[in-house]
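The block underneath contains the structure these notes are about, expressed in structure tokens.
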Amino acid sequence: MIRSAERAKSMGIKTIMVSNGSFSDNALKRILPLIDAFNIDMKGDAVFYRDICHGQLKPVLKAIDEIQKSGKHIEVTTMLIEGTHTEKNIRLLGNELKDRNIQVWHLSRFYPQYKMINKNPTSELFLHRMIDIANESAIPYIYPGNSVLKADTRCSECGKVLRERPGEPIDGGICKYCGHRIYGLW
């Protein structure tokens, strides 16, 4: 996982892009060689994109596919809006991401801003429930964001806690208990 720009630089990572994932084919092709690691916001399902974002999910999924195929480091973030996102949405998104072999999925609490000040902040309880549902997808590293919930890194093979958050990087990206390789840039 990439946790800080300082840490990334020490590992030789020069460029990290956080994006909504809505690239044209040409733009993504041109930018892929220039970026070392990506965090793509996947905001919701197709209905969410149509009704809330006035956009489409398809280009985001296509970008995730292309980045994944390129071998670049990729993590996905979904900001959960209580009353908008549902258990069904999270199951659907989890399946989409698992099908694309995504290893890291951040589910973050929403706080009202800008054009969405009419919404309430997402509760810790709702986030916790959605994390439990997301775990059904078998994506190995699912983390809460904007939250007080624990975000420890566990080995996806033996299940032991390798790193409490915040904490030190995992030495060599290898589980010290079973030797399993841990996805991420350590």
With a 4.7 Å Cβ cut-off, tell me which Cys residues in the chain come up empty for a partner.
Cys53
Enumerate by residue number the chymotrypsin sites (Phe, Trp or Tyr not before Pro) in the stretch 99-178 meeting two conditions: DSSP loop (anything except H, G, I, E, B), and at most 14 other Cβ atoms within 10 Å of the site's Cβ.
Tyr177
In order through the stretch 33-39: 3J(HN,Hα) via Karplus (6.51 cos²θ - 1.76 cosθ + 1.60), integer Hz, x for Gly, Pro
x, 8, 10, 8, 8, 10, 10
Whole-Hz couplings from phi, Karplus 6.51/-1.76/1.60, listed for the stretch 142-152; x for Gly and Pro:
10, 10, x, x, 6, 9, 8, 5, 5, 10, 5
3J(HN,Hα) from dihedral phi, the stretch 130-136, Karplus parametrisation 6.51/-1.76/1.60, rounded to Hz, x for glycine, proline:
5, 4, 4, 5, 4, 4, 4
Of Lys43/Lys150; Lys43/Lys72; Lys115/Lys150; Lys14/Lys62; Lys29/Lys88, which ones are farther than 26 Å apart at the Cα?
Lys115/Lys150; Lys29/Lys88
Amide H contacts under 5 Å for Asn146, restricted to residues at least 5 apart in sequence or on another chain and with H modeled in the peptide plane, are Arg109
Charge dipole of the chain built from unit charges on the beta carbon (Lys, Arg +1; Asp, Glu -1), centred at mean Cα; most positive-end Cα among Thr84, His54, Ile35 is Ile35
Please list the non-local residues whose amide H lies under 5 Å from the amide H of Gly55, H modeled 1.01 Å from N, same-chain partners needing a gap of 5 or more.
Arg50
Please list, ordered by chain and number, the residues whose modelled amide H lies under 5 Å from the amide H of Ile182; skip anything fewer than 5 residues away on the same chain.
Ile174, Cys175
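Since every read-out is calculated from the coordinates, none of them should be taken as a lab result. On a predicted model such as this, the values are computed, not experimentally measured, just so you know. Using ideal geometry, Cβ is built from the backbone for each residue, glycine included, and neighbour counts are taken over all protein chains shown.
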